[in-house]
Amino acid sequence: MIMKKRKTQFISKQAGFGMATCTALLLILFAVFSCRSNDSDNKMTAGGTANVSINLQGEAFDDIADLGGQASLTQGVSVSTSAVQRKEIPFNNDFTLVAELSPVKASVSNQAQASLGGNLLAATGPTPLGTGIRYKVVVFRSTGEYVTERNYIRGQESSTADLNLDGDSNYTFIVYSVKSQTDLPDVTYTNSSNKTLSTASISGLANTVDFMYYRKDMQVSGNQTNYLDVILRHRLSQITTTIDASATGYNITAVTANIDSHYPTYNVPLSTGTPAQTGTAGTAAITFPTLGTQIVVANPVMLNGNTTTGKFTLSTITIGPLTQTVSSAALTGLKITPGIMYNLKFTLSPADVYLDNYNGQKAARINGKVWMRYNLGADTSVNPDQDPIVSGLHGGYYQFGRSVSVANGTETSLNSNFNGNPADANAWNSGTEAAPVKTANDPCPQNYRIPTQTEFQGLLDATVQSNVGTWSTSDTNYSAA
């Protein structure tokens with residue numbers, strides 16, 4: 001006890017502190033300790049406040065998916081890209097109905113235009129969202145917990161409260177719209193008292209609702225504005241149907257058509273934005289707002305489905321004096337992928353047929369083009385289909401750009417009609433490759449002309465080639481073709 005007492009007194013004397021002084025020191029130490037503890041509890045706000053501004057760039061469909069060739073659509077038909085689905089459907093004795101389902105290339109980085117005849121069309125990039133369209137932004141932490149949400153109106157974004165978050169934190173941003181000036185469905189959660197991204201969804205959307213979606217996982221920076229560049233992607237597919245009957249010379253005055261695999265409703269998990277179809281699949285009517293012309297275009301149809309066995313039914317079509325019904329099994333096996341925009345084009349093409357007398361010549365109509373059945377200068381009294389070929393079917397030889405024969409099919413030397421001077425490139429065509437014009441030097445009979453390279457290639461593409469006869473190097477062998 002004495003030692004302890006002396007020790008206490010010794011320390012007090014050497015340090016020069018009384019009890020009041022020690023108490024004050026403890027309070028100071030406690031205050032400092034408390035401040036440090038408070039910094040630790042609020043470390044989530046150390047990065048400052050992150051303001052998030054929505055930069056809505058527009059709406060768009062998804063980029064082209066690999067649709068693949070369906071056997072039922074491509075049998076016997078040459079398709080230049082697997083993304084285009086094509087089929088020829090018997091229509092009547094004079095015409096064939098050619099159907100092509102082509103996805104529209106929606107990549108915002110590719111602006112090149114192409115045709116429906118096998119190449120992809122390029123969209124013009126994101127389309128500006130219309131003024132007054134409502135959209136919602138929902139924010140979740142990177143761990144999935146709900147944080148907050150904002151409702152916006154396009155063109156009135158400044159009237160919505162600022163979106164402020166914790167700086168240097170990671171969030172998931174979900175943006176969606178149904179492209180409406182009045183409707184903006186709310187998010188529902190499996191457990192409303194524990195809202196998480198994995199349990200969030202939008203339920204009971206009708207098949208006429210054009211749902212668009214965007215998701216971004218990102219870290220926001222504090223004490224500055226963070227810009228969220230949003231392109232809302234359509235989550236249903238869209239199909240625009242065109243019927244072209246210009247080859248018939250008649251107007252289309254009535255059409256009844258629909259497409260199946262169209263479900264009545266769908267739900268959307270908020271984490272993916274991928275529609276889940278509900279109910280029993282039905283059909284979507286194809287409506288043509290303007291008739292009475294040779295080419296008619298239907299209103300675009302939103303299709304609520306995901307199928308590789310889709311079916312388009314052309315129940316009736318009236319073209320001029322003809323009303324025709326196309327079999328319901330004619331156009332099946334369509335592959336429709338959600339989020340893709342499609343063009344479905346029907347073209348009435350003259351049926352392939354032999355013509356005994358077309359403008360004074362025996363001819364064949366192939367893929368809408370008429371070709372003489374005999375080579376120029378051939379013996380037209382000989383059967384053109386005989387195998388092996390005979391010499392009389394070979395016809396004459398012509399110098400480019402000249403109208404007279406320089407040798408017949410059995411001659412081995414040139415006659416006096418040969419002119420060694422090269423002809424002008426336009427000697428047989430004063431027009432263009434796309435719009436040829438016959439010249440006086442063209443050796444073909446009246447109402448016929450020398451075909452262009454493009455037309456020759458079209459003939460090859462529209463037919464199946466095979467060899468006949470015996471091929472050999474000989475001045476007397478005319479059997480091969």
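Tabulated values for the structure
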read-out: Filter pass, Ala247 being outside any loop (DSSP other than H, G, I, E, B), surrounded by fewer than 17 Cβ atoms within 10 Å (Cβ to Cβ) and not charged (D, E, K, R); value: no
read-out: Any pair with Cβ under 9 angstrom, 6 or more apart, that starts in segment 221-234 at a residue that is within 13 Å of Leu165 (Cα to Cα) and ends at one that is open to solvent by 20 Å² or more (accessible area, probe 1.4 Å) and among the acidic types (Asp, Glu); value: Ser221/Asp168; Gly222/Asp166; Gly222/Asp168
read-out: Every residue from segment 336-375 that is over 30 Å from Phe312 (Cα atoms), out of contact with any Phe, Trp or Tyr (no Cβ under 7 Å at 6 or more places or on another chain) and of a type outside the set (S, T, N, Q); value: Tyr354, Leu355, Asp356, Tyr358, Gly360, Trp371, Arg373, Tyr374
read-out: Which listed residue is of a type outside the set (Gly, Ala, Ser) and on the phi > 0 side of the Ramachandran plot, from Asn367, Asn441; value: Asn367
read-out: Only listed residue being in a loop (DSSP other than H, G, I, E, B) and of a type in the set (D, E, K, R), chosen from Glu455, Glu433; value: Glu433
read-out: Some residue of segment 50-58 being assigned to a loop (DSSP other than H, G, I, E, B), surrounded by 13 or more Cβ atoms within 10 Å (Cβ to Cβ) and either more than 24 Å from the chain's Cα centre (by Cα) or at pLDDT below 75 (or both); value: no
read-out: Selection status of Phe288, of a type in the set (Phe, Trp, Tyr), buried (at least 16 other Cβ atoms within 10 Å of the Cβ) and part of a strand (DSSP E or B); value: no
read-out: For Gly273: the one exception among (1) open to solvent by 30 Å² or more (accessible area, probe 1.4 Å); (2) at positive phi; value: (1)
read-out: All positions within segment 469-481 that are surrounded by 13 or more Cβ atoms within 10 Å (Cβ to Cβ) and either within 25 Å of Lys369 (Cβ to Cβ) or touching a residue at least 40 places away in the same chain (Cβ under 8 Å) (or both); value: Gly469, Tyr478, Ser479, Ala480, Ala481
read-out: When residues of segment 418-453 are limited to those that are in contact with a Lys or Arg (Cβ under 7 Å, 6 or more places away or on another chain) and polar (S, T, N, Q), the one nearest to Asn359 (Cα to Cα); value: Asn441
read-out: Failed item, numbered, when Pro388 is tested on (1) surrounded by fewer than 17 Cβ atoms within 10 Å (Cβ to Cβ); (2) out of contact with any Ser or Thr (no Cβ under 6 Å at 6 or more places or on another chain); (3) part of a loop (DSSP other than H, G, I, E, B); value: (2)
read-out: Subset of segment 334-385 [open to solvent by 60 Å² or more (accessible area, probe 1.4 Å) and outside any strand (DSSP E or B)]; value: Asp352, Asn359, Asn367, Arg373, Asn375, Gly377, Asp379, Thr380, Ser381, Asn383, Asp385
read-out: Count - residues of segment 250-270 that are surrounded by 20 or more Cβ atoms within 10 Å (Cβ to Cβ) and in a strand (DSSP E or B); value: 9
read-out: Index of the failed condition, Lys369 passing every other in (1) out of contact with any strand residue (DSSP E or B) (no Cβ under 7 Å at 6 or more places or on another chain); (2) farther than 30 Å from Leu348 by Cα; (3) touching a residue at least 60 places away in the same chain (Cβ under 8 Å); value: (2)
read-out: The listed residue being touching a Phe, Trp or Tyr at 6+ places or on another chain (Cβ under 8 Å) and of a type in the set (Val, Ile, Thr), out of Thr439, Thr454, Thr432; value: Thr439
read-out: Cβ pairs under 6 Å, 6+ apart, first in segment 194-205 and under 20 Å from Val178 (Cα atoms) and touching a residue at least 24 places away in the same chain (Cβ under 8 Å), second of a type in the set (S, T, N, Q) and not in a strand (DSSP E or B); value: Leu197/Ser271
read-out: Test: residue in segment 393-403 that is under 14 Å from Ala481 (Cα atoms) and among the polar types (S, T, N, Q); value: no
read-out: Unmet criterion (only one of (1) open to solvent by 10 Å² or more (accessible area, probe 1.4 Å); (2) touching a Pro at 6+ places or on another chain (Cβ under 9 Å); (3) under 15 Å from Ser237 (Cα atoms); (4) part of a strand (DSSP E or B)) for Thr308; value: (2)
read-out: Selection status of Val406, of a type in the set (Val, Ile, Thr) and not in a loop (DSSP other than H, G, I, E, B); value: yes
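Matching residues to (1) in contact with a Ser or Thr (Cβ under 9 Å, 6 or more places away or on another chain); (2) within 16 Å of Met372 (Cβ to Cβ):
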| position | (1), (2) |
| --- | --- |
| Asn429 | yes, no |
| Glu433 | yes, no |
| Thr439 | yes, no |
| Asp442 | yes, yes |
| Arg449 | yes, yes |
| Leu459 | no, yes |
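The values are calculated or read from the model by the stated rules, or taken from the named source; none is laboratory data. Quick caveat, the model's predicted, so the values are computed rather than measured. Note that we place each Cβ from the backbone using ideal geometry, even for glycine, and neighbour counts take in every protein chain shown. SASA here: full protein model, heavy atoms, side chains in, ligands and nucleic acids out. Shrake-Rupley method; radii C 1.70, N 1.55, O 1.52, S 1.80 Å.
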